[in-house]
Structure formats: structure tokens, C-alpha cells
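Novice: Just passing along the structure, written as C-alpha cells.
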Amino acid sequence: RPALAGFSFGAWVAVRVALQTPVSRLLTVAPPVNRFDGFPDHAPECPWWLIQGMADEVVDAERVVAWAAQFVPPVNVITVPDASHFFHGQLKILRDLAHRFYQDEG
């Protein structure tokens with residue numbers, strides 16, 4: 001099964017696809033839960049990491065964290081304290097987290 005990832009609006013797309021198609025793992029970055037309708041209220045059946053910059057100027061970071069907290073199986077939420085929506089100056093951290101996600105076996 002393929003792995004799936006999405007950033008911002010692409011995170012919305014990735015979650016929707018993962019709910020309909022079996023994937024081995026899901027990585028979402030800064031999902032705009034306060035910007036689009038139709039974000040799911042249940043999790044896909046795969047390991048899921050969500051990376052969120054807490055200085056996001058586009059997405060309400062606290063709302064994203066609260067949204068992710070409802071899911072079973074639990075979402076591995078990773079917050080980056082000083083990261084904006086586009087992770088300006090923090091791309092190395094984002095890259096390293098994504099690399100770790102794809103290397104992780106579970």
C-alpha cells in the first residue's frame with residue numbers, strides 16, 4: 001500500500017483519500033481545519049502523523065491540535081513552536097520529521 005502525504009489543502013485531500021483507499025501511512029502538515037468544510041470526524045486505519053507549526057498565520061494551530069485529539073487510533077501530533085504556515089526558516093525541521101516518518105516502521 002502506498003504512503004500518502006499532504007500539506008495545507010493537500011492535507012485535506014490526503015485525509016479524504018486515506019479514508020477511502022487503504023494506505024500504509026499518512027502524513028499531514030498544517031491541515032486547514034478552520035478553512036474548509038468536510039474535515040472528517042474519524043481516522044483512517046493507518047499510522048498518521050500530523051505536523052503543525054504553532055505560529056501558523058493561515059491555520060488556527062490550536063484548533064488543528066484539538067481536532068486531531070479526537071481520533072482513534074490516535075494521531076501522532078508533532079508541533080513546531082516557532083513555525084509559520086509555510087515553515088519559513090524551519091524547513092530543515094519539517095524535512096527531518098518527514099524523513100523520520102517515512103523511515104518509521106509503525
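Novice: Can you tell me which residues in segment 20-39 are surrounded by 15 or more Cβ atoms within 10 Å (Cβ to Cβ) and out of contact with any strand residue (DSSP E or B) (no Cβ under 8 Å at 6 or more places or on another chain)?
Specialist: Those that are surrounded by 15 or more Cβ atoms within 10 Å (Cβ to Cβ) and out of contact with any strand residue (DSSP E or B) (no Cβ under 8 Å at 6 or more places or on another chain): 32, 33, 39.
Novice: Can you pull out the residues in segment 66-86 that are out of contact with any strand residue (DSSP E or B) (no Cβ under 6 Å at 6 or more places or on another chain), closer than 17 Å to residue 7 by Cα and modelled with pLDDT of 95 or more?
Specialist: Result: 85, 86.
Novice: Inside segment 66-106, can you point out the residues that are touching a residue at least 40 places away in the same chain (Cβ under 8 Å), farther than 11 Å from residue 29 by Cβ and surrounded by 11 or more Cβ atoms within 10 Å (Cβ to Cβ)?
Specialist: 102, 104
Novice: Residues 14, 43: which one is of a type in the set (A, V, I, L, M, F, W, C) and in a helix (DSSP H, G or I)?
Specialist: After ruling out the rest, the residue left standing is 14.
Novice: Here is a list of conditions, (1) in contact (Cβ under 8 Å) with a residue 12 or more places away in the chain; (2) assigned to a loop (DSSP other than H, G, I, E, B); (3) at negative phi, and residue 38 meets all of them except one; can you say which number that is?
Specialist: With (1) in contact (Cβ under 8 Å) with a residue 12 or more places away in the chain; (2) assigned to a loop (DSSP other than H, G, I, E, B); (3) at negative phi applied to residue 38, the lone miss is (3).
Novice: Another question, then. From 70, 103, 52, which residue is in contact with a helix residue (DSSP H, G or I) (Cβ under 6 Å, 6 or more places away or on another chain) and not hydrophobic (A, V, I, L, M, F, W, C)?
Specialist: 52
The values are calculated or read from the model by the stated rules, or taken from the named source; none is laboratory data. From a predicted model like this one, the values you see are computed outputs, not experimental measurements. Quick reminder, even Gly has a Cβ in these numbers, built from the backbone with ideal geometry, and neighbours come from all protein chains shown.
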